[in-house]
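For reference, the structure discussed in these notes is given below.
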Amino acid sequence: MNKIYIYDKETLELLGVPFITTLEEFKEKPTEFYPDWDNRTMIIAETEIQYPIIDETGILRDKTREERILLDDEQDLLNDGEYVENGKIIFIEYDEALNYYKKAWDKENHIWYDTTTEEEFIEMRKNKILKYSELEKQKKELESSKFSSADEIQMITEEMLLIEKEINTLAEKIETFKI
């Protein structure tokens, strides 16, 4: 036994779920399976539809996420970077040049912002300083080793320069909290 789902064409309310033998048999003799059947006011689906809509071709289907946002005002379905304006979903991609550590989307003002706290920046800077110190030790050990090579030392030096830049950037971020 199979079942079908009968919806009201106007309200899209689920009216019934009769058991049928086959869809073809239901279409031939619908009142045998659902005595109140009226093809002018009812429509069927082979699966249950959570968010029913009859599209422009007359097919009953589930609404898309976009339709639920625009037609049903389900704003909670918007992703970060999205908002509705003039009946359209607008997407503002996060700009990596902002260099936010913990990016977040402000749904009211439609902007990206950084939620990293001063304490988190201080912790990140401390960890970078410790990493830098560890690299300094490794560099000194390589320089004093009879096996050291210029390539390894150069690699560590380049990594130290990157970390130094990150330490300075984090210091600037921390300063913004003191303004």
Report Rg/Rh for the range 71-126, rounded to two decimals, where Rg is the Cα radius of gyration and Rh the Kirkwood radius. 1.12
Can you work out the PRE-style zone for Lys165? Point 7 Å along Cα to Cβ, and I want the residues of the range 113-151 with backbone N under 12 Å. none
Rounded to two decimals, what is the ratio between the C-alpha radius of gyration of the range 1-90 and 2.2 N^0.38 Å? 1.36
So, in Å, what gap is there between the alpha-carbon centers of the range 107-131 and the range 87-106? 16
Amide H to amide H under 5 Å from Ile20: which residues, 5+ apart in sequence or cross-chain, H placed 1.01 Å off N in plane? Asn2, Lys3, Ile4
Taking R0 as 35 Å and r as the Cβ-Cβ distance between Leu12 and His110, the FRET efficiency 1/(1 + (r/R0)^6), rounded to the nearest 0.05, comes to 0.65
Using the Kirkwood radius over C-alpha pairs as Rh, can you work out the diffusion coefficient of the chain via Stokes-Einstein at 25 °C, viscosity 0.890 mPa s, in µm² per second? 108
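Can you tell me the length gained on complete extension of the stretch Asp36 to Ile54, counting 0.36 nm per residue apart and subtracting the Cα distance?
4.4 nm
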For the full complex of protein chains and a 1.4 angstrom probe, list Ser133, Ser144 by accessible area with the highest value first. Ser144, Ser133
Per the Cα gyration tensor, the range 50-144 corresponds to an equivalent ellipsoid with semi-axes, largest first in Å, of 49, 16, 11
For q = 0.15, 0.17, 0.20 Å⁻¹, Debye-computed log10 I/I(0) when each Cα of the range 103-174 counts as one equal scatterer: -0.62, -0.71, -0.83
Relative contact order [Cα under 8 Å, 6+ residues apart], the chain, whole percent: 12
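The values are calculated or read from the model by the stated rules, or taken from the named source; none is laboratory data. Quick caveat, the model's predicted, so the values are computed rather than measured. All Cβ positions, even for glycine, are placed from backbone atoms using ideal geometry, and neighbour counts span all protein chains on display. Areas reflect the complete protein model, heavy atoms only, side chains present, ligands, DNA and RNA absent. Shrake-Rupley method; radii C 1.70, N 1.55, O 1.52, S 1.80 Å.
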